[in-house]
Amino acid sequence: MAKLAKFTIERDGDAYLLHIESDAGEALELVASLEQLDLLGEAVDQLLEEEDADGEDE
């Protein structure tokens with residue numbers, strides 16, 4: 001499975017353009033709404049909080 005190499009997010013009118021590139025040079029471009037970006041951010045925050053909590057238990 002390819003690994004994330006880099007990504008960018010740019011505003012495109014009322015939407016946002018996500019450009020995701022793998023370490024193999026493959027690229028994916030997606031259009032997302034602000035609501036979708038908020039959901040993505042919340043999902044990342046939740047995972048990081050869970051990892052922080054797991055690290056505190058050790």
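On average, how much accessible surface per residue is there in the chain, in Å², for a 1.4 Å probe, leaving out ligands, DNA and RNA? All intermediate terms of the calculation are to be shown ahead of the outcome.
Values: 5030 Å² over 58 residues.
Accessible area per residue, the chain: 87 Å².
If I build a Gaussian network model for the chain, linking alpha-carbon pairs within less than 10 angstrom, which residue out of L47, L17, L39 has the largest mean-square fluctuation?
Result: L47 has the largest fluctuation of those listed.
To the nearest 20 debye, what is the magnitude of the charge dipole of the chain about its Cα centre, counting +1 on the Cβ of each Lys and Arg and -1 on the Cβ of each Asp and Glu?
Numbers: 3 positive and 19 negative charges, 120 e Å.
Rounded to the nearest 20 debye, it is 580 debye.
Please state the shape class of the chain: rounded when a/c is under 1.5, otherwise prolate if a/b exceeds b/c and oblate if not, all from the C-alpha gyration tensor. Display every interim value, and only then the final one.
On the way: a/c = 4.04, a/b = 1.44, b/c = 2.81.
Verdict is oblate for the chain.
The values are calculated or read from the model by the stated rules, or taken from the named source; none is laboratory data. Keep in mind it's a predicted model, so treat the numbers as computed, not measured. Here the Cβ is made from the backbone with ideal geometry for all residues, glycine too, and neighbour counts use every protein chain on show. Note: areas computed on protein heavy atoms with side chains; ligands, DNA, RNA excluded. Shrake-Rupley method; radii C 1.70, N 1.55, O 1.52, S 1.80 Å.
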